[in-house]
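Undergrad: Can you read through this structure? Questions will come right after.
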Amino acid sequence: MTDAHPSGSMRPANQRGAARLAAVQALYQMDVGGTTLPAVVAEFEAHRLGRELEGEELRPADAGFFRGIVGGVVDMQRRIDPIIHGALPPDWPLKRIDFTLRAVLRCGVFELLERRDIPAKVVITEYVDVARAFFAAEEPGLVNAVLDHVARALRPDEFKSAAAR
């Protein structure tokens, strides 16, 4: 499967995947460095989305989708965090989770809450893939479990079997 349409342009899904990865990085930067939302969005749009970083060409990203995720997570964090906390195993409280993993989960829950135009299973798969970009151990499995739990609670109709419909 290629990333480009026959016309040579990037497919929106791949641009969204790059935007999701950048959103996680931006939220991490905000969490760790105390960067403000306007500053981090401006930096990513000017220097990172679809640019070269440390000698590596970055995939083009959907800037509007990126802004929507980062801004949405920031605006809704007080609603998102309790949802994540409730889906985590008792021995993984949200405040003890790695900054990057927390950003992945926040982005995924935001999309499950606010982007009903994107199927829940797509959201889960995309953020498991994002987690794999940062982690090799059990974290991608945790992302899968938490987002699956949240998706089934928020969008139960998407998980009914075809026979039950």
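The values are calculated or read from the model by the stated rules, or taken from the named source; none is laboratory data. Computed from a predicted structure; not experimentally measured. Cβ atoms come from the backbone with ideal geometry, glycine included; neighbour counts cover every protein chain shown. With ligands, DNA and RNA removed, areas are computed over all heavy atoms of the protein, side chains included. Shrake-Rupley method; radii C 1.70, N 1.55, O 1.52, S 1.80 Å.
Undergrad: Can you compute the modelled spin-label distance between residue 43 and residue 144, with each label point 7 Å from Cα toward Cβ, in nm?
TA: Result: 3.3 nm between the two label points.
Undergrad: Follow-up question, since we're still on this one. Using a 1.4 Å probe and counting only protein heavy atoms, arrange 78, 132, 115 so the residue with the most accessible area comes first. Don't skip to the answer; put the middle values down first.
TA: Details: 78 225, 132 150, 115 60 Å².
So, going from the largest accessible area down, we get 78, 132, 115.
Undergrad: What does the extension gain come out to for residue 85 and residue 152, with contour length at 0.36 nm per residue minus their alpha carbon separation? List each step's numbers first, then the result.
TA: Working: separation 67, 0.36 × 67 = 24.12 nm, distance 1.55 nm.
Result: 22.6 nm gained on full extension.
Undergrad: Here is a follow-up. When all protein chains stay in place, what accessible area (Å², nearest 10, 1.4 Å probe) is found for residue 91?
TA: Approximately 110 Å² of residue 91 is accessible to the 1.4 Å probe.
Undergrad: For the charge dipole of region 59-165, defined by +1 on Lys and Arg C-beta atoms and -1 on Asp and Glu C-beta atoms about the Cα centroid, which residue among 86, 124, 136 has the Cα displaced farthest towards the positive pole?
TA: Ranked along the dipole, the leading option is 86.
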